[in-house]
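The structure appears right after this line, and notes come after that.
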Amino acid sequence: MNNKIYEISPGFEEIMPKDYRDLVNDGPFGKKLGVKDLGTFKELLEEHPLCAGCGLALSKRLILASLPSPENTVIVGTTGCSSLSFAQVAIHNIHSIFGNQNAVATGLKRALEIRFPDKTKDVVAMGGDGAIGDIGLGMVMHSWFRGEKFTTIMFDNEAYANTGGQESGMSQKGAVLNMAPTGKKYAKLPMPEIARDAGCVYSASVTPARPKRLEKMVRRAVILARKLGPTYIQIYCPCPTNYKFKPSESLKRTRDMEKSGAYQIKEYISPAAEELIKKFEEVK
Ligand code: SF4
């Protein structure tokens, strides 16, 4: 994006909302900032309507701070808790109906390549486990089979959270939710492995417990997708509202899930991706 697009026309500096002025003056666009710089720049997600302690809000904030080129990124979101906070995201984003995000992202990425052949435009499809692992799984997998060059990020709160708490394919076996009172009967879907086997050149699962690690994975996924093909990351997002723990315990729960092995950190990297990672991480 040409930074002039969002610069304020002379004479309008006083009239534009403060938030907008702050974004123009102190936003991360074109500055190559990352999670270590949080607190020093105007963030791309603020004042969202998600529940207190929502792991999804924390993850989204970290993802946005990790994007290698936020000014040249378009997010395709979809129905779910995450969609409630896209109106507050200060970056181009599109809402697609439930589960359609990877089909919409496919068309968008192809159109951007035709419209801007000399520029790098990143597309990131984001959705919850319902949109990516259940309702949209067909479209997700077919975008991977076709080798579409964009990143898919799943906010994995292990439930359908904003419809009152049903089990999802990503809920763990035995999980008890408001509308699954006898416990889930089958195991969590092995999405990182499904992504790897369906053609993703990079597939990872992570939590927001260590922001630098999450940042590294997001950067790897987005940069690899530019050159090689589809990439996938799933992020554990604790949901205090449906799993019934205190909002103040979200981070502890995240760490406990990781420590006990209930949520495993994984990273599958294809040989071609490994080569490319060496190059761009050496350059840094
Ligand atoms: S219901 Fe759960 S996932 Fe949804 S916004 Fe609230 S805490 Fe987050």
Practice problem: Give the residue, chosen from 30, 34, that is small (Gly, Ala, Ser), under 28 Å from residue 116 (Cα atoms), touching a residue at least 40 places away in the same chain (Cβ under 8 Å) and crowded, with 16+ Cβ neighbours inside 10 Å. | Solution: 34
Quiz item: So is residue 40 open to solvent by 40 Å² or more (accessible area, probe 1.4 Å) and either over 18 Å from the mean Cα position of the chain (by Cα) or of a type in the set (D, E, K, R) (or both) or not?
Solution: yes
Quiz item: Of 213, 219, 226, which residue is out of contact with any Asp or Glu (no Cβ under 8 Å at 6 or more places or on another chain), assigned to a helix (DSSP H, G or I) and surrounded by 18 or more Cβ atoms within 10 Å (Cβ to Cβ)?
Solution: 219
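Conditions tested, residue by residue: (1) in contact with a Cys (Cβ under 9 Å, 6 or more places away or on another chain); (2) within 16 Å of the ligand (Cβ to nearest atom); (3) part of a loop (DSSP other than H, G, I, E, B); (4) not basic (Lys, Arg).
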| position | (1), (2), (3), (4) |
| --- | --- |
| 23 | no, no, no, yes |
| 30 | no, no, yes, yes |
| 36 | no, no, no, no |
| 40 | no, no, yes, yes |
| 56 | yes, yes, no, yes |
Quiz item: Is it fair to say residue 189 is in contact (Cβ under 8 Å) with a residue 40 or more places away in the chain, in a loop (DSSP other than H, G, I, E, B) and within 19 Å of the chain's Cα centre (by Cα)?
Solution: yes
Quiz item: Out of all the residues in the stretch 225-241, which are within 16 Å of the ligand (Cβ to nearest atom) and in contact with a strand residue (DSSP E or B) (Cβ under 6 Å, 6 or more places away or on another chain)?
Solution: 234, 235, 236, 237
Exercise. Given the conditions (1) within 16 Å of the ligand (Cβ to nearest atom); (2) in contact with a Phe, Trp or Tyr (Cβ under 7 Å, 6 or more places away or on another chain); (3) open to solvent by 10 Å² or more (accessible area, probe 1.4 Å), report the number of the one that residue 168 does not fulfil.
Key: (3)
Quiz prompt | Pairs, first under 21 Å from residue 156 (Cα atoms) and at pLDDT below 95 in the stretch 40-59, second within 8 Å of the ligand (Cβ to nearest atom) and open to solvent by 30 Å² or more (accessible area, probe 1.4 Å), C-beta under 6 Å, six or more apart | solution = 49/84
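The values are calculated or read from the model by the stated rules, or taken from the named source; none is laboratory data. Bear in mind that the values here come from a model prediction, so they are computed numbers and not experimental data. Because the Cβ atoms are built from the backbone with ideal geometry, glycine has one as well, and the counts that use them run over all protein chains shown. Accessible surface is based on the protein model in full, side chains and every heavy atom, while ligands, DNA and RNA are left aside. Shrake-Rupley method; radii C 1.70, N 1.55, O 1.52, S 1.80 Å.
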